[in-house]
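Here the structure is laid out as structure tokens; the discussion comes afterwards.
FYI, it's all coordinate maths here, none of it is from the lab. Owing to the predicted nature of the structure, the values given are computational and were not obtained by experimental measurement. Backbone-built Cβ (ideal geometry, glycine too); neighbour counts: all protein chains shown.
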Amino acid sequence: MKVNKKGEGKAGCLIFLVLFVFVIAVLYKAGPTYMNAMQFQNDLEEVTNKAGAFFWSKRRIENKIIELAKENNQPVTKRNIRINMYRNNITVEVDYIIPLDLVVTTYNYHIHKKYKALRGGF
């Protein structure tokens with residue numbers, strides 16, 4: 001009987017392949033959701049800056065955020081949005097959870113973003 005002295009084995013290759021397939025499956029499920037979330041966050045920062053520059057009302061800001069969330073497939077409702085307007089600045093906070101259905105379990109991707117902008121300035 002010959003013993004494999006090089007350390008090569010079929011079990012190690014099988015474990016690597018299983019882990020590799022699992023990682024690819026997770027990336028396939030989570031990748032588009034992550035990209036949509038990043039695009040939504042960029043759009044949210046732009047809306048915050050425009051709202052401060054052009055003195056938008058809270059209702060107009062909320063409606064624009066909800067519209068952007070629908071475009072980017074984000075589960076954002078008015079309950080997830082907090083807008084504070086002070087004398088010279090505006091703060092927009094969005095806090096929501098995206099459930100990701102992975103192969104074995106469901107992962108809750110929690111997103112909390114806060115953006116500030118000056119009112120009346122570009």
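Taking Cα atoms only, the orientation of helix 10-53 departs from the longest principal axis of the chain by about 10 degrees.
A dipole drawn for the chain from +1 and -1 charges on Cβ atoms has a positive end, and of Tyr34, Tyr86, Thr48 the residue lying farthest that way is Tyr86. I want the local charge near Lys113. Using Cβ-Cβ distances under 13 Å, sum +1 for each Lys or Arg and -1 for each Asp or Glu among the other residues. Once all neighbours under 13 Å are counted, the net charge is -2.
If you count Lys pairs in the chain whose Cα atoms are under 25 Å apart, skipping same-chain pairs closer than 8 places in sequence, the total is 26.
Modelled this way, with points 7 Å down the Cα-to-C-beta line, the labels at Glu71 and Ala11 are 5.5 nm from one another. Compactness of region 10-118 is given as radius of gyration and Dmax, 18.5, 68 Å, from Cα positions. Of interest is the spacing of the C-alpha centroids, which for region 7-80 and region 86-113 amounts to 9 Å. Against the main long axis of the alpha-carbon atoms of the chain, helix 58-71 sits at an angle near 30°.
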